[in-house]
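Take a look at the structure below.
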Amino acid sequence: RNAGLYLQDQMALLDDRLHVMLGVRYDHSDYTYQFDTARFHPVDKKATWRAGLLYKIQPSVSVYASYVTGFGQS
């Protein structure tokens with residue numbers, strides 16, 4: 001079973017030339033594995049986030065940068 005909650009907001013600044021995006025996601029994963037007679041029941045929980053910036057140099061030209069973290073097996 002997997003469940004996730006995601007929240008995100010985007011703001012425009014500097015006369016709509018700069019856009020800032022921030023987001024956070026909470027994941028909850030609940031698994032059951034069976035191998036021969038052994039049974040495993042791991043539960044994974046983690047919050048990850050992302051951020052992005054967009055800057056309009058001209059009306060038809062923009063630059064964008066972003067950073068994200070992930071949820072995975074270690």
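Treating only the Cβ atoms of Lys and Arg (+1) and Asp and Glu (-1) as charged, compute the dipole magnitude of the chain about its Cα centre; round to the nearest 20 debye. If you can, show how the numbers build up before the last one.
Details: 8 positive and 7 negative charges, 9 e Å.
Computed charge dipole of the chain: roughly 40 debye.
When the accessible area of the chain is computed with all protein chains present and a 1.4 Å probe, what percentage of it is carbon and sulfur? Kindly include the intermediate steps, with their values, before the conclusion.
Working: 3510 of 6130 Å².
Carbon and sulfur together cover 57 percent of it.
For Cα pairs less than 8 Å apart in space and 6+ apart in sequence, what is the mean separation divided by the residue count of the chain, i.e. the relative contact order in percent? Before the final figure, lay out the partial values.
Working: 139 pairs, mean separation 19.2, N = 74.
This gives 26 percent for the chain.
May I ask you to give the solvent-accessible area per residue for the chain, in square angstrom, as obtained with a 1.4 angstrom probe?
Per-residue value: 83 Å².
Could you work out the local net charge near Gly23, counting Lys and Arg as +1, Asp and Glu as -1, over the other residues with Cβ closer than 12 Å to its Cβ?
Value of the local net charge: +1.
Hey, could you get me the Stokes-Einstein D for the range 6-63, Kirkwood radius over alpha-carbon pairs, 10 °C and 1.306 mPa s, rounded to whole µm² s⁻¹?
Answer, rounded: 107 µm²/s.
Net charge around Gln58, counting only other residues with Cβ within less than 15 Å of its Cβ (Lys, Arg = +1; Asp, Glu = -1)? Before the final figure, lay out each step's value.
Working: positive: Arg17, Lys56; negative: Asp15, Asp16.
Its environment carries a net charge of 0.
Once ligands and nucleic acids are excluded and a 1.4 Å probe is used, how much of Phe35 is accessible, expressed in Å² to the nearest 10?
Solvent-accessible area, nearest 10 Å²: 140 Å².
Count the net charge of all other residues whose Cβ sits under 13 Å from the Cβ of Ala3, scoring Lys and Arg as +1 and Asp and Glu as -1.
On the way: positive: Arg1, Arg25, Lys45, Lys46; negative: Asp27, Asp30, Asp44.
Cβ neighbours under 13 Å give a net charge of +1.
The values are calculated or read from the model by the stated rules, or taken from the named source; none is laboratory data. Every value quoted in this text rests on a predicted model; they were computed, and no experiment measured them. Counting neighbours? That spans all protein chains shown, and the Cβs are built from the backbone with ideal geometry, glycine included. With ligands, DNA and RNA removed, areas are computed over all heavy atoms of the protein, side chains included. Shrake-Rupley method; radii C 1.70, N 1.55, O 1.52, S 1.80 Å.
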